[in-house]
C-alpha cells in the first residue's frame, strides 16, 4: 500500500504549547511535524491539527502554526479525534482515506485516534520521527499496538517520496530543492 497525495491527509495530534516541553524529544517531534506539514501543504495535501483541552494545554505550537498557510484546527474533548462527530463527518466528506498520523501523546491521543481511524477503515501511517510522549517507552508501546491494529510505521522521507512518485517533473524538482536536499544530510532518529 503506497501513499498517494490525492488520497492523503496529514493529521497532527495535540502538539500544544504547554505539552511540548514535557515530551521526551519534544523539539524533534515539533521539528519533524513542521517539516512534514510544510511538504504536505506544498503538494496540496490537507493538514489538520487537533487540540485537547487548549485552556490547560495551550494552543498548537506557534512554530508549527507560523509555518503553515491553511491548517484546519479541531478542538476536541475525546482522546480519539475520530470520536468527535464533526471531525469524523468532515474526514468522510474529504474523501481522504490515507492518514499520516503524528503528534502527542503517543500512548493516549495519537494511539486512540489511530485506533479509531483504523476501525473506521482508513489506512493509517504512523510518522515515526514526529510522535512523542513524556516517556519514550510509551512511544514504542503505542507504535507496536498501532502496527498490530493495521497501521504502518513510516519515516517522513518515505511519505514525501511516495507523495512525489517520480523525479522527472517540476513538482519533484521544487520539493527536492526546498525540502529534501538538506534533509538528506541529517541523521534519522526513530522511537
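Here are some notes:
- Spin-label model, residue 157/residue 78: points 7 Å from Cα along the beta carbon direction are separated by 3.7 nm.
- Computed log10 I(q)/I(0) for the range 1-71 at 0.13, 0.21 Å⁻¹: -0.37, -0.87, from the Debye equation with unit scatterers placed on every C-alpha and solvent omitted.
- On Cα atoms only, tilt of 26-42 relative to the major axis of the chain in degrees: 50 degrees
- Packing-based exposure ordering (other Cβ within 10 Å, fewest first) of 35, 163, 48: 35, 48, 163
- Centroid-to-centroid separation of the range 1-35 and the range 123-181 [C-alpha atoms, Å]: 10 Å
- Efficiency of FRET between residue 28 and residue 66 - r from beta-carbon atoms, R0 22 angstrom, step 0.05: 0.75
- Of the peptides 67-73, 114-120, the order by per-residue mean of other Cβ atoms within 10 Å, starting with the highest, comes out as 114-120, 67-73.
- Counting only DSSP beta bridges whose two residues both lie in the range 14-125, roughly 10 percent are antiparallel.
- Converting the Cα gyration tensor eigenvalues of the range 81-191 into ellipsoid dimensions via √(5λ) gives semi-axes, longest first, of 26, 20, 11 Å.
- Most tightly packed first, judged by the mean number of other beta-carbon atoms within 10 Å of their residues, the peptides 97-110, 6-19 read 97-110, 6-19.
- Here the sum of -39500 (n - 2.57) over DSSP H runs of 4 or more residues, divided by the residues of the chain, equals -11000 deg cm²/dmol at 222 nm, to the nearest 500.
- Packing-based ranking, highest mean first, of 74-80, 85-91 given that Cβ atoms within 10 Å are counted: 74-80, 85-91
- DSSP-defined antiparallel bridges as percent of all bridges, the chain, nearest 5: 5 percent
- Kirkwood-Stokes translational diffusion coefficient of the chain, alpha-carbon pairs, 25 °C, 0.890 mPa s, µm²/s: 150 µm²/s
Any read-out appearing in this document is the output of simple, stated calculations on the displayed coordinates, not a laboratory observation. These numbers were taken from a predicted model, which means no experiment stands behind them. No Cβ is skipped: glycine too gets one built from the backbone with ideal geometry, and neighbour counts run over all protein chains shown.
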